[in-house]
Structures are given as C-alpha cells and as structure tokens.
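Just so you know, all these numbers are worked out from the coordinates, no wet-lab data involved. None of the values given here were measured: they were computed from a predicted structure. Every residue, glycine among them, receives a Cβ derived from its backbone with ideal geometry; neighbour counts consider all protein chains shown.
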Number of protein chains: 2
Amino acid sequence: MTRAAMQTASQSELQIVRSVADLRRQVGAMRGRGESVALVPTMGALHDGHLALIRHARRRCRHVVASLFVNPKQFDRPDDLAAYPRDEAGDREQLAANGCDLLFAPGVAQMYPAGFATSVNVAQVTEPLEGAHRPGHFAGVATVVAKLLLQCLPDVAAFGEKDYQQLITIQRMVRDLDIPVEIDGVPTVREADGLALSSRNRRLSADARARAAEIHAVLTDSADALADGRGSAATILAKGRARLGRAGFEPIDYLDLRAADDLTQLDRADRPARLLVAAWLDGVRLIDNVPVVPARR
Amino acid sequence: MTRAAMQTASQSELQIVRSVADLRRQVGAMRGRGESVALVPTMGALHDGHLALIRHARRRCRHVVASLFVNPKQFDRPDDLAAYPRDEAGDREQLAANGCDLLFAPGVAQMYPAGFATSVNVAQVTEPLEGAHRPGHFAGVATVVAKLLLQCLPDVAAFGEKDYQQLITIQRMVRDLDIPVEIDGVPTVREADGLALSSRNRRLSADARARAAEIHAVLTDSADALADGRGSAATILAKGRARLGRAGFEPIDYLDLRAADDLTQLDRADRPARLLVAAWLDGVRLIDNVPVVPARR
C-alpha cells in the first residue's frame, strides 16, 4: 500500500460515538480481544500538541480513544467558553491521520443529565496558580476527567505538561480515588520560537504573536538561573517578571517556582521543581511552564 | 456433609485482604473465571441488617466481597467515632457463615495515604435531613464509597434502605460519575417490635430500648395517614412529632415527607414518597424511614 492509501485506510477506521453506552460497547469489544486501550481527553480545536498526545497513546496501547467535549464546568468566564474554538470536522481528520481508533464526542446532556449534582474536588495542589485565578476551574476539570476515565476505563490516559497543574491534579485525584488507570504526562509541543502550542494562540494579533515567545525565553533563562543557584529565587523571579512587563505582558498573574510533585512554593530549586507562568498579552491569557532540575555539584 | 460441616467448610473460605493490591488480585482472579462479584461495604459491628445485605449480594452474584472500614471522614463528631463498636473477629465469623468469600479490611493509611486531598461532593439530595444535622457526613460517605467501588469494581453493590438518604446519595453519585456498578437498596431489617437494627441500638438503656420502637409505630401510622390523604402532611407530621415527644424522644431532628427519588420536600404524598425521621432517645440518635405509597382511588 502507498502511504496515501494507508492514510486513507487509517482514516476510514475512525469511529465516532456520542453516548456512554456506545463508547462502552466499542471499548468492551477491544477489551474482549485482550487489547489495551489509551484515552486522550480533549476539548477539540486540535493542534500538534494534541496530536503528540495521540501518538504517545498509540505507542503505549493497541487502541487510542480520543474524547472531544468542551466542558462548560471548567470555564470560569462565560465569554471564554463562548469564544472557545470548535472544529469537529477538522479534528476528526487529524485524529484519523494520527492513528486514533475511536472518537467519543458527547453532547452536554449526555455528560450532565438533568439533576446532575456531583463534583470531585482536589484540595492543596489546586489552590495556588490557576486555582487562585480561576475559581471552580479544577473542580470542573476533575469532575469531567473522572467521568471520562470511568466511562472509558482505559489502561492509560495521556495529558499534556502544558497544563502542568491540571496534570498534577489529575494524578492526585486518580491516586486518591483509586481510579484504575495510569496517567501519563506528555512534554509540551512548541513553535520554532518556543511558544507553547495552545488553541488560544489563534486569538493573538500578529504583533502580539511576534512578542509572545518572550514568555518561553523568560522561563528557560529563569529556570537556568534557578538550577544554577545564581542568586535567590525571589531576585531571579523579580527579574523575570520585569522582563515580561517590558515585552508587554500585563497583568502577570504569576511567575512561581514550585515543587514538581505537590506544587508547594519553593524559595530555591533544592528538589525537582517546576517554573510556572501565567500572563496576559494583548487581552489573551497565556500559560506555560518548564522543569527546573537542580544542578548537581 | 452435615450442616455444621458445611458451615465449617464455608467459614474456611473467607479470605481476608488488607491492601488494595491484594483486593484487586483476588477480584481479578474471580473476573478471570468470568464470575460476577458483589460488594457490601460495612463499618463492621455486623448485625442481621448487614447479613441481609450479604445474603442479597449472594443471590445477585457468584462472589460476595464485604469491606470493613470505620471511615473517619464520615463522622462529624469525634466522640461518635471513638464510641463506634468494633469486633472484627465476630464480624469474620458472621460473614463466613453467610456466604461471603472475601473480606477487605484496610487500615486508615491504606485508604487515606499521606497527601490525600480529594473529596466527592453530591449536592441537592445531601442538603436536607442528615446533611443539615451532620456537616461533612455525606462528603465523607461519597468519597469512601467511590474509593471502595473503584478499588473493587464489582458488578453490584448493596446498601441498606435504613440509611435511605445515603442510598439515594450513592445512586446519584454513581450515575453522575459513571461508575460502572449497579447499586441495590435492601429493605430494613427490624426487631420483632419494629425497631430498625442499628449498631447504635447497643447504646440504649433497657428503659430506652423498651420505648424505642415507638419511632417505627409513629412512622407506619403517619405513612398510612399520608398515603390515605387523611388531612394535610403538616397536620399529620405535627401529630407524629407530638407523639414522639410524649414517648421521650428529645430533640426530634426531623420527621419529614420527601420525594422517594430526589428527597424534595412534599406537602402531600402525590407521588412515590418516603417518610424519614431522626430523633434522640436517652442520648442516642436513632434514624429510620418507611415508604409512602400514594393510594390509588
């Protein structure tokens, strides 16, 4: 088969289900053949960052299920929900071309039927950073991810490190509630200039887009300085914030050094750490993070 | 085999596990043989009410797993937790004699490891009745039951109608989070005089025990009057409360007519309903409930 023919064959295999019953029937058939299943939850508007998750899932398991659900419960601002990009036809093509077997694309009534009254709340790791700026966001994320995991019961589920606090929150929830699944974090995919891929990047003006990569440059330079112990974290982070300000980021919600495992605040990188940032550029809120690996001396 | 020999043989089959890993190994072996599994969560101090759950589970599935865990998160008062009766040796004998295969009896550190930060919260159905009198109780119940269901992944789990609001809460949680299990409610087991079995009954003085059955007499008489439409619910319930007061119940936390499915307050029994009561007798808090089936005329 030619590559084009293979791609066509692969594309024709993407099945779409919209109910939990149909999802379970399809996944049950995979399981009945003793085959492993990975889940990649998405809110659609797929870009290369999502496709990296799909390819990661493909390497981990025989089957890849993607979900597409723009979860109203995790939006703290109605305008952000209304502006969220949607392109199911485009998403389907990209999923098929990257080896996804099955797309679960439920409607809101399927996920939150009348009388829906349950929420999953993770304390501690959700309190700083995004949690302090987006009230209710992580309860919305934890609730929908718990549902998706229990609807599909995959062996593995993959989430991007781009939303690092979300990844840590989901890992904590899965451990605490004994959800029988392995949660994999997948490294952030970046543009050539370092800007992390995000569906929100589409909202940047050309001028803002040209300046947006400064957020990654500040992260990597600050992380290097923190790892080398060049001065106190307070000083290094103050310089980083000033540099973001000069590049036009305003306001800066946070630029914080945190423990990699439980997100407690650190004043030096004396254990595995993460440097996380959220800042607004030209009306668009960008978030990003990088690891800070303590230098061994 | 004689009955005694059978009972001995049956007793020798009760296996005990204390870790989630061992529980999953045992249940996995049952599943591997294509056999069904029912779970009966308990806090121990077993009486005939619990054994009715075990026997119900036995009729529903090939294997019966019981759990024994006195869950600190669902006690709103430390003295109530400290006073909760514990008798694992006696519980094991009764489980074995009633056809339970496997007992999961984890310690607190197994259920709530360091850094535990997640809670499951069910709104609406948890707000009145017990929820109004025991802050945090149902979050503790929902969290531990979610964990037990996900640790064991049974086909069926059985809960007593004695704790009717708990049963409704668990059914709502299971539906909302898509936990793949069927929740069965099992009718309350009563003493000859009508008193619902409860591990708390042991705390009643002989005099209080003699008067305790009045709570059930008031429930059944009031339920009959409500079902027949003999006057308004307000009048019937006021009479019931007065009668409880004359029998020495003080305070009466509630005597309420509620919809059977979502526990909304009703002022007449014009749909399937439940009459629920909580009242103190001689320092012991008793709860009970009965169905109210609207009369067809």
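List the aspartates and glutamates whose alpha-carbon lies under 17 Å from that of B:Lys162, not counting same-chain residues fewer than 8 positions away?
The reachable aspartates and glutamates, counting only those whose Cα sits under 17 Å from B:Lys162, are B:Asp48, B:Glu130, B:Asp184, B:Glu191, B:Asp193, B:Glu214, B:Asp253, B:Asp256, B:Asp261, B:Asp262, B:Asp288.
With N set to the residue count of the protein assembly as shown, report its C-alpha Rg divided by 2.2 N^0.38 Å to two decimal places.
On the way: Rg = 28.1 Å, N = 594, 2.2 N^0.38 = 24.9 Å.
The reported ratio for this selection is 1.13.
Set the Förster distance to 51 Å, then compute FRET efficiency between A:Arg246 and A:Arg25 from the Cβ-Cβ distance, nearest 0.05.
Details: r = 56 Å, r/R0 = 1.10.
With R0 = 51 Å, the Cβ-Cβ based efficiency is 0.35.
Quote the charge dipole size of the protein assembly as shown about the Cα centre in Debye, to the nearest 20; the model charges only the Cβ of Lys and Arg (+1) and of Asp and Glu (-1).
Values: 76 positive and 74 negative charges, 152 e Å.
Dipole about the Cα centre, nearest 20: 720 debye.
If r is the Cβ-Cβ distance from A:Ala83 to A:Arg211 and R0 is 25 Å, what FRET efficiency results, to the nearest 0.05?
0.75
To one decimal in nm, how far is B:Arg190 from the same spot in the other copies, if labels go 7 Å from Cα toward Cβ? Please give the shortest first.
The answer, with the shortest distance listed first, is 7.1 nm.
Just how large is the dipole of the stretch B:1-145 about the Cα centre, in debye to the nearest 20, putting +1 at every Lys and Arg Cβ and -1 at every Asp and Glu Cβ? It would help to have the intermediate numbers written out before the result.
Working: 16 positive and 14 negative charges, 130 e Å.
That gives a dipole near 620 debye.
At q = 0.08 Å⁻¹, what log₁₀ I(q)/I(0) does a Debye calculation on the Cα points of chain A give, no solvent, two decimals?
For the requested q values the scattering log ratios are -0.37.
Run lengths n ≥ 4 of DSSP H only: what is the helix-derived mean residue ellipticity at 222 nm for chain A, with -39500 (n - 2.57) per run over all residues, to the nearest 500?
Values: 12 runs with 126 residues, N = 297.
Computed mean residue ellipticity for chain A: -12500 deg cm²/dmol.
Looking at A:Ala21, A:Ile170, A:Ser232, which one has the Cα that reaches farthest to the positive end of the dipole of the protein assembly as shown (charges on Cβ: Lys, Arg +1; Asp, Glu -1)?
A:Ala21
Sort shortest first the distances from B:Arg202 to its counterpart in every other copy, using label points 7 Å along the Cα-to-beta-carbon line, and give them in nm.
6.4
I need the trypsin sites (Lys or Arg not before Pro) found in the stretch A:213-268, filtered to DSSP loop residues with at most 12 other beta carbons within 10 Å of theirs.
Numbers: sites: A:Arg230, A:Lys239, A:Arg241, A:Arg243, A:Arg246, A:Arg258, A:Arg268; in loops: A:Arg230, A:Arg268.
Counting only loop positions with at most 12 other Cβ atoms within 10 Å, the trypsin sites (Lys or Arg not before Pro) in the stretch A:213-268 are A:Arg230.
So if R0 is 41 Å, what FRET efficiency would B:Ile16 and A:Arg62 give, r being the distance between their Cβ atoms, rounded to the nearest 0.05?
Numbers: r = 36 Å, r/R0 = 0.89.
Given R0 = 41 Å and the Cβ-Cβ separation, E is 0.70.
Post the alpha-carbon centroid distance, the stretch B:28-43 to the stretch A:143-209, in whole angstrom.
First find each Cα centre; the distance between them is then 33 Å.
Could you tell me how far the Cα centroid of the stretch B:72-123 sits from the Cα centroid of the stretch B:243-265, in Å?
Using only Cα atoms, the two centres lie 28 Å from each other.
Rounded, prolate or oblate: which fits the stretch B:189-297 when a ≥ b ≥ c are the square roots of the eigenvalues of the alpha-carbon gyration tensor, with rounded for a/c under 1.5 and prolate only if a/b beats b/c?
Values: a/c = 2.08, a/b = 1.83, b/c = 1.14.
In terms of gyration-tensor shape, prolate.
For the stretch B:92-200, take every pair of Cα atoms, bin their distances at 10 Å starting from 0, and report each bin as a whole percent.
12, 37, 39, 11, 1
If you put +1 on each Lys and Arg Cβ and -1 on each Asp and Glu Cβ, how big is the dipole of chain A around its Cα centre, in Debye rounded to 20? It would help to have the intermediate numbers written out before the result.
Numbers: 38 positive and 37 negative charges, 77 e Å.
Here the size comes out at about 380 debye.
Please figure out what share of the DSSP beta bridges in chain B is antiparallel and state it in percent, rounded to the nearest 5. Spell out each step's value before the answer.
Details: 19 of 38 bridges.
About 50 percent, rounded to the nearest 5.
Would you be so kind as to identify which of B:Leu197, B:Ala279, B:Ala82 lies farthest towards the positive end of the dipole of the protein assembly as shown, taking Lys and Arg as +1 and Asp and Glu as -1 on Cβ and the Cα centre as origin?
Towards the positive end, the residue furthest out is B:Leu197.
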